[in-house]
Amino acid sequence: MNHFDYRPASIDGGEGGAMFCEGVPLARIAAEVGTPVYVYSTATLERHFAVFQDAFKTAKPLIAYAVKANPNVAVIATLARLGAGADTVSEGEIRRALKAGVPPERIVFSGVGKTEAELAFALDVGVCEINVESEPELQKLAAVAAAKGVRATIAIRVNPDVGAGGHAKISTGKADNKFGVSFSEAERLYANAANNAALNPVGVACHIGSQITDLAPMEEAFLKMRGLVQRLRAEGLSVERLDLGGGLGVPYFDAPTPPSPAAFAEMVERVTAGLDVQLAFEPGRLLVANAGILLSRVIHIHERPEGTRFLVVDAAMNDLIRPAMYEAFHDIRSVAAPAEGAAQIAYDVVGPVCETGDTFARSRHLPALNAGDLVAFMTAGAYGAAMASEYNSRPLVPEVLVSGDRYAVVRPRASYDEMLARERMADWL
Ligand SMILES: *Cc1c(COP(=O)(O)O)cnc(C)c1O
């Protein structure tokens, strides 16, 4: 569920008959901030967090929001106020989480290639857990912690060798992916860590992929994790925490419908029954995807004699790369409410970037649109602005956060001067 809805034409002082984000008409944001622009709904963020938290009322896990899905500080802060922690994969993300008010004792540091400097930073700020993904990383962390005279609290990230996720590029849990260690490696590394004065192994972690719409692979992976916890304990090792990652899918359109957080929680509680561990989760997409849209304006419509109709919009692959990168589907809606029973026209929806890959959708049926009309790319709150770039020298896309009938520009649009001011001429030029 989200808070992007059409309001009847009869209300709102002439601003009705169009899509709103909570109490704010999208057309007003487009007029005042310009397009393209990401728009996020606070009420939707809050609702998604509450639904997940409610599903685990009894277990009271650490819900560490995966910051990479949407790293805007205002988005992180909205979730942090509700009690969310942060799952981070770089020093930059740790800094964002801290700036957003996430206490260090709720920050998890994950990632396959943490540098010495990043590990040192994580130890200095006192993150609650570093998820170690390989033996060289374990050795490096032990050395960094020993040099500081501290003990690093760690979990070992396991690769459960279970395939899952909406696309090959977002599946992380197969043995040939770069993430985590095998179960036998995990047992050896955990025991090594327990014998190292600079390391305090407290748990094990996994994260098998993203946009998962089927509970079966997750259950298979979690059962294997349960087995690991039991084997480690049988060896006399203490295991207090079990981090089961993120990855739950969201509905981008009508099919397939992902499992609800309640069904997910029921499965987790069944699989972990009697294990007596502190659970942690790292949801990203689930919390933010449906809480955001990318608002864009039609530049013009280019009709080919042979019949293809290109809807050229002012958003491009540099603003939203998911369709180009993962063949991802985004529902596209006219911001003006379409007339009841209005005819649909097939458009190829494209951006201005000089790449054929800059195509959001082919033969998409939409109500008739004209130059200057607004469209909304739905379900764009996750891995949207987060992956935006300035490709084709298009200034970084701005972001707006709505709450009720207010909105704030939480990342302003950079001017061309600001964009160019970051670069320097070489002194020989
Ligand atoms: C990306 C990532 C997540 C979040 O994945 P979602 O599919 O957005 O829930 C969680 N944990 C780790 C380690 C990740 O890399």
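Laboratory data are not the source of any read-out in this text; all were calculated from the coordinates shown. Worth saying up front: this structure is predicted, and the values here are computed from it rather than measured. Here the Cβ positions follow ideal geometry from the backbone for every residue, glycine too, while neighbour counts run over all protein chains shown.
Please work out whether the chain counts as rounded, prolate or oblate from its C-alpha gyration tensor, where a ≥ b ≥ c are the square roots of the eigenvalues and a/c under 1.5 means rounded, while otherwise a/b larger than b/c means prolate and anything else oblate?
Cα axes put the chain in the prolate bin.
Based on the Cβ-Cβ distance of Q139 and L275, what FRET efficiency does E = 1/(1 + (r/R0)^6) give at R0 = 30 Å, to the nearest 0.05?
Here the calculated transfer efficiency is 0.55.
Out of all DSSP beta bridges in region 110-283, what portion is antiparallel? Express it as a percent rounded to 5.
Here the share of antiparallel DSSP bridges comes out near 5 percent.
Determine, for each peptide in 69-76, 335-342, the mean count of other beta carbons within 10 angstrom over its residues, then list the peptides with the highest first.
Descending packing order for the listed peptides: 69-76, 335-342.
Can you find, among L420, P261, A336, the residue sitting farthest towards the positive end of the charge dipole of the chain, where Lys and Arg contribute +1 and Asp and Glu -1 at Cβ?
Projecting each Cα onto the dipole axis, the largest value belongs to P261.
Tell me, rounded to the nearest percent, the portion of alpha carbon pairs in region 110-283 spaced more than 20 Å apart.
So the pairs more than 20 Å apart make up 52 percent of the total in region 110-283.
Can you tell me what share of the DSSP beta bridges in the chain is antiparallel? A percent to the nearest 5 is fine.
Expressed as a percentage, antiparallel bridges in the chain total about 50.
Helix 183-194 sits at what angle to the longest principal axis of the chain, using alpha carbons and giving 0 to 90 degrees rounded to 10?
60 degrees
I'd like to compare 204-210, 156-162, 89-95: which one has the highest average count of other Cβ atoms within 10 Å, and what's the full order after that?
204-210, 156-162, 89-95
In whole Hz and in residue order, list the ³J(HN,Hα) couplings for region 294-301 that follow from phi through the Karplus curve 6.51 cos²θ - 1.76 cosθ + 1.60, θ = phi - 60°; x for Gly and Pro.
9, 9, 9, 10, 6, 7, 6, 10
If the reach is capped at under 16 angstrom between alpha carbons, list the lysines near K174, excluding any in the same chain fewer than eight residues apart.
Qualifying lysines at Cα under 16 Å: K224.
By how many degrees, between 0 and 90 and to the nearest 10, does the Cα long axis of helix 215-234 differ from the longest principal axis of the chain?
Tilt of helix 215-234: around 20 degrees.
Compute the angle between helix 116-125 and the longest alpha-carbon principal axis of the chain, please, reported from 0 to 90 degrees and rounded to the nearest 10.
The angle comes out near 90 degrees.
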